[in-house]
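**Q** The structure under discussion is supplied below as C-alpha cells; questions concerning it will follow.
The values are calculated or read from the model by the stated rules, or taken from the named source; none is laboratory data. From a predicted model like this one, the values you see are computed outputs, not experimental measurements. Positions of Cβ are backbone-derived with ideal geometry, glycine not excepted, and every protein chain shown enters the neighbour counts. Accessible surface is based on the protein model in full, side chains and every heavy atom, while ligands, DNA and RNA are left aside. Shrake-Rupley method; radii C 1.70, N 1.55, O 1.52, S 1.80 Å.
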Amino acid sequence: MRKIVLFSGSSAVGKTAVLSWVVDCLRERGLSSAVCKIDCVSDEDKETFRALGVPAVAGISADICPDHYLVSNIPEIWSWADGRGSDVLFVETAGLCNRCSPATRSMVAGCVVDATASCKAPGHLGPMLSQADFVVLTKVDMISQAEREIVCRAVADVNPGAEVFAVDALAGYGVQALSRYIETAPAVGTYEGDVLRHAMPAGVCSYCVGECRVGSAFQQGVVGKMEFEEDAR
C-alpha cells in the first residue's frame, strides 16, 4: 500500500519548494518518500530532492504534453516507486494549457496556486484546480490577510470542497498542516483499474505530430476553428 500524491500547478508557483519541506516533515513522522518530477525541458529539480536524501527521478516530456506524458508513464512510475519501498509517492507536474489534469481517482490530487497572482487566476486553472482534493497557496507572506481571503474565495468558487493550505515555501510556514493532511490520506495498493478524473483535450492535429507550415491546406486531424460574429458597429 502506498499514498500517491499529485502536485500540479503553473510554472514557478513554488511546487518544488513546498514539496521539499513536505518530504522532510513526513520523514520526521516516520514516512519515506519518493519523488517523480515531470517537466518539459529541464530535469534539474530532481537534484533538489536527492540532496535531501529522497529518491527522485525526472521525466522530460519534450514535444509531448507533460500531463499526457505523465498518464502514459504511470505504470513505470509505480514500478520505480516499488523498488524504493516508499510510503508516499509524490508526482510533481506542470499544467501548461490549463485544460489538462493528470489526476486520477486513486491519487490525492493537489494544485499549487501563487497567491500573488491575480484574484482571477484560479478561475483560469481549469480541471487542475476544480478536480483537486487540496490547494496550496504559496507566497502568502507577500500579501495581506484581506488579499488572502479574496484569493481563497476565488479558489472556493472553482472548488468549494478542497482543503486549502496557506504556505510560505521559503520559511516553511504552514507546511506542518499540509504534511498532516497527506499523512492521513488514503493509500492504494495498485494503479490498475484507476481512471482519470477529467478527460484530456481532444487530439491529435497535424501540429501535434510535427507540422510547421501554416495554412488550412496543412491542417488535419482534430482542428478547432473560430466563429466570428458580425461587427456590432
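**Q** In a shell of Cβ-Cβ distance under 15 Å around Y191, excluding Y191 itself, what net charge do Lys and Arg (+1) and Asp and Glu (-1) give? If you can, show how the numbers build up before the last one.
**A** On the way: positive: R2, K3, R105, R197; negative: E76, D82, E192, D194.
Net charge in that neighbourhood comes out at 0.
**Q** Taking a probe of 1.4 angstrom, what is the accessible area of T184 in Å², to the nearest 10?
**A** 110 Å²
**Q** Once you've got the GNM for the chain with C-alpha springs shorter than 10 Å, pick whichever of G14, G83, G174 has the biggest mean-square fluctuation.
**A** G83
**Q** Something else: Between the helical axis of 145-158 and the dominant principal axis of the chain, each derived from Cα atoms, what acute angle in degrees is found, rounded to the nearest 10?
**A** With rounding to tens, the tilt is 60 degrees.
**Q** How big is the dipole moment of region 82-190 about its Cα centre under a simple scheme where the beta carbon of each Lys and Arg is +1, that of each Asp and Glu is -1, and everything else is neutral? Debye, nearest 20, please. Before the final figure, lay out each step's value.
**A** Details: 8 positive and 12 negative charges, 53 e Å.
My answer is approximately 260 debye.
**Q** Between helix 15-28 and the chain, what is the angle of the helix's C-alpha long axis to the longest principal axis, kept within 0 to 90° and rounded to the nearest 10?
**A** The angle comes out at about 20 degrees.
**Q** So if I take the centroid of the Cα atoms in region 161-233 and the same for region 1-67, what is the distance between those two points in Å?
**A** Region 161-233 and region 1-67 have Cα centres spaced 17 Å from each other.
**Q** Please give the helix 74-84 orientation as an angle from the longest Cα principal axis of the chain, in degrees from 0 to 90, rounded to the nearest 10.
**A** 20 degrees
**Q** On to the next question. Applying the Karplus parametrisation 6.51 cos²θ - 1.76 cosθ + 1.60 with θ = phi - 60° to the phi angles of region 124-138, what ³J(HN,Hα) value in whole Hz is obtained for each residue in order, glycine and proline being reported as x?
**A** Ordered by residue, 3J(HN,Hα) equals 9, 8, x, x, 4, 9, 5, 9, 7, 7, 9, 10, 10, 8, 9 Hz.
**Q** With contacts defined as alpha carbon pairs under 8 Å and 6 or more residues apart, what's the relative contact order of region 69-181 in percent? Before the final figure, lay out each step's value.
**A** Values: 132 pairs, mean separation 24.6, N = 113.
Reported as a whole number, the value is 22 percent.
**Q** Related question: Please report the net charge: other residues with Cβ closer than 12 Å to the Cβ of T48, K and R +1, D and E -1.
**A** Working: positive: K15, K37, K46, R50; negative: D24, D43, E44, D45, E47, E92.
Residues near T48 contribute -2 overall.
**Q** Which far-off residues, 5 or more places away or on another chain, put their amide H under 5 Å from the one on A56, with H placed in the peptide plane?
**A** For A56, the qualifying residues are V35.
**Q** OK, next. Quote the relative contact order of the chain in percent (integer), defining contacts as alpha-carbon pairs under 8 Å separated by 6+ residues.
**A** Relative contact order of the chain: 24 percent.
**Q** Top to bottom by accessible area (1.4 Å), largest first, where do D63, D43, D168 land?
**A** In descending accessible area the options line up as D63, D43, D168.
**Q** Give the shape of the chain as rounded, prolate or oblate, defined through the alpha-carbon gyration tensor: a ≥ b ≥ c are the square roots of its eigenvalues, a/c under 1.5 means rounded, and otherwise the shape is prolate if a/b is larger than b/c and oblate if not.
**A** Values: a/c = 1.98, a/b = 1.29, b/c = 1.53.
The shape class here is oblate.
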